[in-house]
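Asks: Here's a structure for you.
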Amino acid sequence: MTQFTDLGLAKPLLKALADEGYVNPTPIQAQAIPGVMDGKDILGIAQTGTGKTAAFALPILHRLAETKRQAPRRSARVLVLAPTRELATQIGESFKTYGRHMGVSVAVVFGGVKYGGQMRALAGGVDVLVATPGRLLDHLGEKTMTLEGVETFVLDEADQMLDMGFIVPIRKIVKFLPRQRQNLFFSATMPKEIEVLAGEILNPNPVKVSVTPQATTVERINQRILFVEQQRKRALLAELFDDDSFKRVIVFTRTKRGADRVARGLEQVGVEAASIHGDKSQGQRERALAAFKAGEVRALVATDIAARGIDIDAVSHVVQFELPNVPEAYVHRIGRTARAGADGSAVAFCADDERGLLKDIEKVTRQRIPSFDRRNDRHLGAATAALPDPGKPERSEAAQPHRAKHPPKRNRNHADAKPGHRHEGGPARPPRSPEAKPAFKGPGRRRRGGGGGNGGRSQGGGGSNGVWSNR
């Protein structure tokens, strides 16, 4: 098996990897690192959770170590574009971790905060700049920075850039870059628009690396569809948390208001929860993520802004409270679990009006997602006692008035709930092989939930002033 020591990385990088306990590269790392070190353009197809950040950060740092020189003022030697603040911050943390013995300077720039700290961090030039497209364009427009010193350009999560409407800003940014540069282009999927963009940015004949087929899902994730009436979703979600295996859970909703409502509902039944979405301030988002990493909250309720770019160890389950309108988002959502070589579970709620979305998801992923099977999924326990049998559509309550009037009775002893387990948080690593509260109303019943998990510790994190730098 290939080891990092076989790849010819600079000694300071090998020391940093040894500090972290990393020995073997992941497949995407083993494929991409040699080509990047040779200065070639890379077209990478890789899902989140495959070690993609290290696949470009390590060889970039190696090239910086080999060609030591000062970055031009108000510019950078390396530019990494990321779609969200959270992902940009985590990429910056990775560069800092791997480059700790090199004295590399790193700055992270994103919107929603004041410009002053960012301008000061960039004034003397930095080795690595990680930025979101909107704020970077603002700086370029105000001439508070230039891209004339960029030697390597990295576009990460290109397909999410497309989903978020960043393709035009990216094209504008590329016009500011020097013609002679190395380009690294990464995307989890390759729709036609992204193929065109890659052709515009990359030099001819890039090295192509791929570790999973387009739009497939991670094999280690145990996926299930739960067919449930829309009005029962919140009660069912609350009941899932009676299962002790639901230790650290990300719940996805389609809307910001929906995320807040679901988080409040979980709090009402004693499940510590926080929500994160685009209307939250940067400080609120950072505090929610830190609390989730530290195990202070058991559930993080998020919109798709968090589907990629939140890299948290030991996420036991991903619950899709609502199926996404864009089928590819299903893959990115469930990619928040089963990271760094671990196993994970993904549960998706599907109401009658979402069956078309489910069909689209299964077409994109090229697989049938198993429905809940009471014979084989006993770990979901009482939460699924009232669900229909596998594969049978659930009729509305209007069609079953006797069931609405007489809901099935279930005996459960909440006094037997176990305390949460301690688990570790912090940034994801390449695999080393590389409180009771008022009852929450659900349809036809009231209940109280169990407590949340403990422990964990978080490392790093972006500053609330919108710039993170280790100069």
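The values are calculated or read from the model by the stated rules, or taken from the named source; none is laboratory data. None of the values given here were measured: they were computed from a predicted structure. When we count neighbours, we look across all protein chains shown, and the Cβ atoms used for this are built from the backbone with ideal geometry, even at glycine.
Asks: Only one residue in R254, R179 is more than 21 Å from D313 (Cα to Cα), within 17 Å of the chain's Cα centre (by Cα), at pLDDT 90 or above and not in a helix (DSSP H, G or I). Which one? Please lay out each step first, then the result.
Replies: Numbers: R179 fails: within 17 Å of the chain's Cα centre (by Cα).
Answer to the selection: R254.
Asks: Please identify the pairs in which a residue from the range 232-244 that is at negative phi has its Cβ atom under 6 Å from the Cβ atom of a residue that is of a type in the set (D, E, K, R), counting only partners at least 6 apart or on another chain.
Replies: Within 6 Å, the pairs are D244/K418.
Asks: Ok, one more. Report whether or not V326 is outside any helix (DSSP H, G or I), over 24 Å from I45 (Cβ atoms) and among the β-branched types (V, I, T). Give the steps one after another, and end with the answer.
Replies: On the way: outside any helix (DSSP H, G or I): yes; over 24 Å from I45 (Cβ atoms): no; among the β-branched types (V, I, T): yes.
Criteria not met by V326.
Asks: Taking the conditions exactly as written (under 26 Å from Q29 (Cβ atoms), assigned by TED's automatic domain parsing to the domain that holds V113 and exposed (fewer than 15 other Cβ atoms within 10 Å of the Cβ)), does G165 satisfy them or not? Talk me through it step by step, then tell me what you get.
Replies: Details: under 26 Å from Q29 (Cβ atoms): no; assigned by TED's automatic domain parsing to the domain that holds V113: yes; exposed (fewer than 15 other Cβ atoms within 10 Å of the Cβ): yes.
Taking the combined requirement at face value, the residue does not satisfy it.
Asks: Report every pair of residues separated by at least 6 positions or lying on different chains whose Cβ atoms are under 7 Å apart, first residue within the range 185-197 and within 16 Å of V331 (Cα to Cα) and modelled with pLDDT under 90, second of a type in the set (G, A, S) and not in a helix (DSSP H, G or I).
Replies: Partner pairs satisfying both residue conditions: A188/A46; T189/A215.
Asks: To continue, here is another question. Name the helices (runs of 4 or more DSSP H) wholly inside the range 1-103 in which the number of residues that are of a type in the set (V, I, T) and either more than 24 Å from T146 (Cα to Cα) or not assigned by TED's automatic domain parsing to the domain that holds V174 (or both) is 1 or more.
Replies: Working: elements: 11-20, 27-37, 52-66, 85-98.
Here the list reads 27-37, 52-66, 85-98.
Asks: For the condition in contact with a Ser or Thr (Cβ under 7 Å, 6 or more places away or on another chain), at positive phi and not basic (K, R), what is the one hit in G8, G39, G21, G51? Give the steps one after another, and end with the answer.
Replies: Details: G8 fails: in contact with a Ser or Thr (Cβ under 7 Å, 6 or more places away or on another chain); G39 fails: in contact with a Ser or Thr (Cβ under 7 Å, 6 or more places away or on another chain); G21 fails: in contact with a Ser or Thr (Cβ under 7 Å, 6 or more places away or on another chain).
The unique qualifying residue is G51.
Asks: Still on this structure, I have one more. For T144, are the conditions met, namely being under 22 Å from the mean Cα position of the chain (by Cα), within 30 Å of K68 (Cβ to Cβ) and in the same structural domain as F110 (by TED's automatic domain parsing)? I'd like the intermediate steps shown before the answer.
Replies: Values: under 22 Å from the mean Cα position of the chain (by Cα): no; within 30 Å of K68 (Cβ to Cβ): yes; in the same structural domain as F110 (by TED's automatic domain parsing): yes.
No; evaluated as a whole, the condition is false for this residue.
Asks: Here is a follow-up. Checking the condition farther than 30 Å from V364 by Cβ, of a type in the set (V, I, T), touching a Leu at 6+ places or on another chain (Cβ under 9 Å) and in the same structural domain as R63 (by TED's automatic domain parsing), which residue from V130, V106 passes? Walk me through how you get there before you give the answer.
Replies: Details: V130 fails: farther than 30 Å from V364 by Cβ.
Result: V106 is the single residue among V130, V106 that is farther than 30 Å from V364 by Cβ, of a type in the set (V, I, T), touching a Leu at 6+ places or on another chain (Cβ under 9 Å) and in the same structural domain as R63 (by TED's automatic domain parsing).
Asks: On to the next question. Go through the residues of the range 175-188 one by one and say whether even a single one is among the hydroxyl-bearing types (S, T, Y), out of contact with any Gly (no Cβ under 9 Å at 6 or more places or on another chain) and more than 16 Å from A88 (Cβ to Cβ).
Replies: Residues of the range 175-188 among the hydroxyl-bearing types (S, T, Y): 187.
When the remaining residues are screened for being out of contact with any Gly (no Cβ under 9 Å at 6 or more places or on another chain), the result is none.
No, that holds for no residue.
One line per residue, one yes/no per condition, for (1) among the acidic types (D, E); (2) surrounded by fewer than 15 Cβ atoms within 10 Å (Cβ to Cβ); (3) over 25 Å from L61 (Cα atoms):
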residue: F153; (1), (2), (3): no, no, no
residue: S187; (1), (2), (3): no, no, no
residue: E193; (1), (2), (3): yes, yes, yes
residue: N205; (1), (2), (3): no, yes, no
residue: Q223; (1), (2), (3): no, no, yes
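Asks: Would you confirm, using the coordinates I've provided, whether V269 is among the hydrophobic types (A, V, I, L, M, F, W, C) and under 30 Å from Q367 (Cβ atoms)? Can you show your working first?
Replies: Values: among the hydrophobic types (A, V, I, L, M, F, W, C): yes; under 30 Å from Q367 (Cβ atoms): no.
Taking the combined requirement at face value, the residue does not satisfy it.
Asks: If you don't mind, another one. Determine, yes or no, whether A307 is crowded, with 24+ Cβ neighbours inside 10 Å, aliphatic (A, V, I, L, M) and modelled with pLDDT of 85 or more.
Replies: No.
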